[in-house]
């Protein structure tokens, strides 16, 4: 743990001194659109305890909000440079799951229900990349890596209804509307 801290401090001090050597230093603000799909699965221990549990689908999740980045580009020459900065991303996944409604107890039958679960996680990223190419012509390639750490997790679960339940709820809503219309017409006469 201590060696990791020393390494981070060394990199930070190095990044502070690099702009002194650079020919051109400039900030860039960015945003992005993210399409994500999970490859989620249950552990074998969970499936052994709850054999009726399962994942029936992994849906694509699209997010346009909240992805911000502020980067500092340092160009040493017209052909070589690097960039680093901070970025915040909203990454998530949507899964359709069959989950147990009660805890496993020997001799008690386990009931299962279908849920649509949306998970969202905010990540703080610190990229570091080297740029090669012609910067004056805006034609360059870059490669590097990014460390991301999660700082907020949110999950919403919605019970999936069967086709019969949808029809029943629709008929109940229709009956309430008809009762409201009929009672309104009775008050007019």
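The values are calculated or read from the model by the stated rules, or taken from the named source; none is laboratory data. On a predicted model such as this, the values are computed, not experimentally measured, just so you know. Cβ atoms come from the backbone with ideal geometry, glycine included; neighbour counts cover every protein chain shown.
Given (1) at pLDDT 85 or above; (2) under 27 Å from the mean Cα position of the chain (by Cα), identify the lone condition not met by residue 48.
Tallying (1) at pLDDT 85 or above; (2) under 27 Å from the mean Cα position of the chain (by Cα), residue 48 fails exactly one: (2).
Just checking, which of 128, 161 is touching a helix residue (DSSP H, G or I) at 6+ places or on another chain (Cβ under 9 Å) and at pLDDT 90 or above? Explain how you work it out, then say what you get.
Numbers: 161 fails: at pLDDT 90 or above.
It is 128.
How many of the residues in segment 9-43 are at pLDDT 70 or above and either closer than 25 Å to residue 147 by Cβ or under 25 Å from the mean Cα position of the chain (by Cα) (or both)?
Residues of segment 9-43 that are at pLDDT 70 or above, as a first pass: 9, 23-43.
Now narrow it down to the ones that are either closer than 25 Å to residue 147 by Cβ or under 25 Å from the mean Cα position of the chain (by Cα) (or both): 9, 25-43.
Total satisfying the criteria: 20.
Given the residues 109, 97, 113, which is the only one that is more than 31 Å from the chain's Cα centre (by Cα), under 25 Å from residue 160 (Cα atoms) and without any contact (Cβ under 8 Å) to a residue 60 or more places away in the chain?
On the way: 97 fails: more than 31 Å from the chain's Cα centre (by Cα); 113 fails: more than 31 Å from the chain's Cα centre (by Cα).
The conditions single out 109.
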